[in-house]
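Notes follow the structure.
Just so it is clear, none of the values below were taken in a lab; they were calculated from the coordinates. This is a predicted model, so every value here is computed, not measured. Cβ sites come from the backbone with ideal geometry, for glycine too, and all protein chains shown count toward neighbours.
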Amino acid sequence: MVTYLDHAATTPVRPAAIETMVAQMRDGYGNPSGAHRMARAANRTLDEARQSMADALGGRPGEVVFTSGGTESDNLAVLGTLELRGGTAVCSAIEHHAVLDVVEQSGGRIVGVGARGQIDLDQLEATLDHDVSLVSVMLANNETGVVQPLAEVAEVVRRNAPNAVLHTDAVQAFPWLDVATLAQPADLVTVSAHKFGGPQGVGALLVREGVAIAARQRGGGQERERRSGTQNVAGIAAMATAATEMTNHRPAEAERIAALRDRLVDGLRRNVGGAFESGVDLPGEHPASIADRSHKTPNVAHLCFEGIESEALLFLLEKVDIMASAAASCSSGAMEPSHVLAAMGYSRDLAFGSLRLSLGYPTTAADIDRALDVIPDAVERLRAAV
Ligand code: PLP
């Protein structure tokens, strides 16, 4: 049996969302932009999904723009703002590449983070001026699960760059945190369905009333001219089903998963020497005696193990059917350590030994037992082999 601990990469589609999707594809295949009865029915499906997503995100239905996922929503937020308003974009150094690369390529400015993985508010303040038209700071990081202080970010932005639009990538936060409340200070909010039990390839950008963006995709004028192209009606309907189910169960699930995550990380910290938990243990110092995870999402166990390479560890884990991930990326043949860990001050060597075990709504106590059974031995085997 597979032990799936990679829910931050993608989590299984919820059975209710699969039912919605199949029924929509089978019975509701009209084009929502058309005029006849079947087209109008598909359009009503979109209206209902828009309402559900608005409820879950703390916005209004007209503010929801359906997209093909987190990457498109992030690109649309940054580039759609820059095209319309000009000026300079600013983002944190730990953003997902869907924001970071776009801001860097536009000649924007990057703000560092502290050793606990949260944005440096003083540096943000020093970086802002009247030329800044967009600030993008994610609500929770995809590698470490560290939650960013968005309310404080918003205050600094309003004071120092009053003309700027604030975007938050809430892709990783949405399955676990009350995004409807936490993202209130943001003008633009990104979410992606496959992180909370909807299908891959569907997402949304919340564009608050009164905030204008230029479309990136132009054509038929769908989504109120903000994103042309026939909508993925079945995927969107399934995303809405998943969002409703997820938000209904979120407080209880977050509590259950936090307890499992704590047991997992505490066990690994206890049983493996030289294990550093990101956001909790400060880089370059001994592991902390008390683990404060109050600033992390409940689902992420992220550690760096001294003296191993995560690629080798992931290989051993996969051989025994444990699916996990590391944050290093392999581009043009050369392994690069995670930009997130680098920004937090982790050395290259330690960053190369990173492991992300991410839990999700289907995770059970047995999954945690199995990971605790296997991982300490696997790390020791790799260390002994050097
Ligand atoms: N933003 C964050 C924080 C993510 O974790 C991801 C996916 O890993 C994305 C954006 C991209 O989302 P998608 O896979 O839907 O394009």
Residues of segment 12-34 with amide N under 19 Å of a point placed 7 Å along Cα→Cβ from residue 44: 20-34
Calculated FRET efficiency for the pair residue 106/residue 348, C-beta based, R₀ 30 Å, to 0.05: 0.60
With a ≥ b ≥ c the root eigenvalues of the C-alpha gyration tensor of the chain, is it rounded (a/c under 1.5), prolate (a/b larger than b/c) or oblate? oblate
Mind sorting 381, 263 by how few other Cβ atoms lie within 10 Å of their own Cβ, fewest first? 381, 263
Note to self, the chain gives a 222 nm [θ] from helices alone (DSSP H runs n ≥ 4, -39500 (n - 2.57) apiece, / all residues, nearest 500) of -13500 deg cm²/dmol
Give the percent of DSSP beta bridges with both residues in the chain that are antiparallel, rounded to the nearest 5. 60
Could you work out how far apart the two model spin labels at residue 380 and residue 292 are, taking each label as a point 7 Å from the Cα in the direction of the beta carbon, and quote it in nm? 3.3
State, to one decimal in nm, how far the label point of residue 373 lies from the label point of residue 306, with both points 7 Å from Cα in the Cβ direction. 3.0
Ordering of 133-146, 25-38 by burial proxy (mean other Cβ atoms within 10 Å per residue, highest first): 133-146, 25-38
Sorted from fewest to most neighbouring beta carbons within 10 Å, what does the list 190, 71, 181, 168 look like? 181, 71, 168, 190
D (µm²/s, integer) via Stokes-Einstein for segment 1-100, Kirkwood Rh across alpha-carbon pairs, 20 °C, 1.002 mPa s: value 127
How big is the Cα convex hull of segment 193-291 in projection, averaged over all directions, in nm²? 10.4
